[in-house]
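Remarks on the structure that follows.
The values are calculated or read from the model by the stated rules, or taken from the named source; none is laboratory data. All values derive from a computational prediction rather than experimental measurement. In this analysis, Cβ positions are derived from the backbone assuming ideal geometry, glycine residues included, and neighbour counts consider all displayed protein chains. All accessible areas refer to the heavy atoms of the entire protein, side chains included, with ligands and DNA or RNA removed. Shrake-Rupley method; radii C 1.70, N 1.55, O 1.52, S 1.80 Å.
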Amino acid sequence: MAASDLFKTLLYTVNNLLQQHKYKSALAVLKGFRNGAVYGAKIRAPHALVMTFLFRSGSLREKLWAIAQATFTHSRNLACFVFTYKGLQAVQQHFQGKHLQSHSFLAACLGGWLVFGENNNINSQINMYLLSRILFALSRLAVEKGFIPQPKTDPFPLFATLVWGVVLWLFEYHPHTLQPSLQSSMNYLYHDSNTWHDISDFLIYNKPKTN
């Protein structure tokens, strides 16, 4: 059999397998792993690139290695979480014969503990990102369910006022409590802008250029 015929046969077999309904749950878990890996890389790579070249010192090789490590960690963790979450959902649904809201919560709790429970920079950023979204979502849900009254005016200005007031107070007087990347960003914006020597590091460079 020619190599092209073998490839066509293999492709047909795989495509036929993908159409089998009885394997759908297992295949969905595998595709979830794939999507998690791809999405994690897409999200982390540009962020790591910008943050590394803006704030990290070291050689070009060290910076590229840091970007690769951060991208791999984010991609791996997200892929593993999606795989775990969807797998545990499928197992619960198989044994109980139907899908319950508790399945999502329990599967995500266990997945979060296993994958995102380690305290490192990547997991910290992801968990804090989700926390802000959760607080917004729970506030909206509380209004929808009638637990709190519908605001008569837009509460967003008050929200922005408190967020910026608290974060700058923490930065100025308790900076060690903030995440390192946020500290770096705020140092660049608020502290580095207090120092200059001439026009070069006033407009062109943040700090004097060293030879």
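Data overview
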| read-out | value |
| --- | --- |
| In the stretch 31-65, residue surrounded by the most Cβ atoms within 10 Å (Cβ to Cβ) [restricted to those that are under 25 Å from Gly111 (Cα atoms) and touching a residue at least 40 places away in the same chain (Cβ under 8 Å)] | Gly36 |
| Condition check for Phe53: under 21 Å from Asn127 (Cβ atoms), touching a helix residue (DSSP H, G or I) at 6+ places or on another chain (Cβ under 9 Å), part of a helix (DSSP H, G or I) and of a type in the set (Phe, Trp, Tyr) | no |
| Extreme residue, modelled with the lowest pLDDT, among residues of the stretch 92-109 that are in a helix (DSSP H, G or I) and open to solvent by 70 Å² or more (accessible area, probe 1.4 Å) | His94 |
| Yes/no for Ala26 being part of a helix (DSSP H, G or I), open to solvent by less than 80 Å² (accessible area, probe 1.4 Å) and modelled with pLDDT under 90 | yes |
| Exclusive hit being of a type in the set (A, V, I, L, M) and closer than 19 Å to Ser184 by Cβ, set Ala41, Ala90, Ala68, Ala48 | Ala48 |
| First in the stretch 139-157 and free of Cβ contacts under 8 Å to residues at least 24 places away in the same chain and of a type outside the set (Asp, Glu), second anywhere and open to solvent by 100 Å² or more (accessible area, probe 1.4 Å) and outside any helix (DSSP H, G or I), Cβ under 8 Å, 6 or more apart | Val143/Pro149; Val143/Gln150 |
| Unique residue being in contact (Cβ under 8 Å) with a residue 24 or more places away in the chain and small (Gly, Ala, Ser) when the list is Gly117, Gly111 | Gly111 |
| Flag if Asn16 is under 17 Å from the mean Cα position of the chain (by Cα) and of a type in the set (S, T, N, Q) | no |
| Some residue of the stretch 188-210 being under 21 Å from Ser124 (Cα atoms), of a type outside the set (Gly, Ala, Ser) and either over 31 Å from the mean Cα position of the chain (by Cα) or modelled with pLDDT of 90 or more (or both) | no |
| Residue match in the stretch 2-18 (condition: surrounded by 14 or more Cβ atoms within 10 Å (Cβ to Cβ) and closer than 30 Å to Phe95 by Cβ) | no |
| Pairs where the first residue, in the stretch 94-105, is under 18 Å from Thr84 (Cβ atoms) and the second is in a helix (DSSP H, G or I), C-beta under 6 Å, 6+ apart | His99/Gln93; His103/Gln89; His103/Gln92 |
